[in-house]
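Q: Structure in structure tokens, see below.
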Amino acid sequence: MQIYGIDLAKEKFDVSFFDLTSKKVSNQPSHKVVTNNLKGIGKFFKGLPSDAVLVAEHTGVYGDTLLKCCMDSNVKIAFVGGYVIHRYRTRVSSSLYQF
């Protein structure tokens, strides 16, 4: 399974992911920039494995086209609120520095 983290914007979105199926060990995520329109999303979907899961911050209308494409293509997607992401990042970051 591959989990793709998506940072949505009006004209494009950034996608970062770790290849969990690869035997290669890397702590650096892969990165792609996708045009936020039907053509760009369709091209992005062609490279997705069947068990891919997309996770994006809910940013209002910027995710509407992506959501529609996911529903039409049976791609799993989860939208997460910005507050939840911020609280998680703060909690994880602070726990890394506790010895």
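The values are calculated or read from the model by the stated rules, or taken from the named source; none is laboratory data. Everything numeric here is computed off the predicted structure, so don't read it as measured data. Reconstructed Cβ throughout: ideal geometry from the backbone, glycine too, with neighbour counts over all protein chains shown.
Q: Of everything in the stretch 62-76, what is part of a helix (DSSP H, G or I) and farther than 8 Å from L8 by Cα? Give them in sequence order.
A: First, pick out the residues of the stretch 62-76 that are part of a helix (DSSP H, G or I): 62-73.
Across the stretch 62-76, the qualifying residues are D64, T65, L66, L67, K68, C69, C70, M71, D72, S73.
Q: Could you count how many residues in the stretch 52-70 are surrounded by fewer than 13 Cβ atoms within 10 Å (Cβ to Cβ) and modelled with pLDDT under 90?
A: The initial filter retains those residues of the stretch 52-70 that are surrounded by fewer than 13 Cβ atoms within 10 Å (Cβ to Cβ), namely 60-61, 64, 68.
From what is left, the residues that are modelled with pLDDT under 90 are 60.
Looking only at that region, the number is 1.
Q: What is the residue count in the stretch 71-90 for residues that are closer than 28 Å to K39 by Cβ and either at pLDDT 95 or above or among the aromatic types (F, W, Y) (or both)?
A: 8
Q: Could I ask something else about it? Could you grab the pairs with beta carbons closer than 8 Å, sequence gap of 6+ or different chains, first residue in the stretch 39-61 and part of a helix (DSSP H, G or I), second one among the small types (G, A, S)?
A: F45/S73
Q: Looking at (1) modelled with pLDDT under 70; (2) within 16 Å of the chain's Cα centre (by Cα); (3) not aromatic (F, W, Y), find the lone condition where S93 falls short.
A: Answer for S93: the failing condition is (2).
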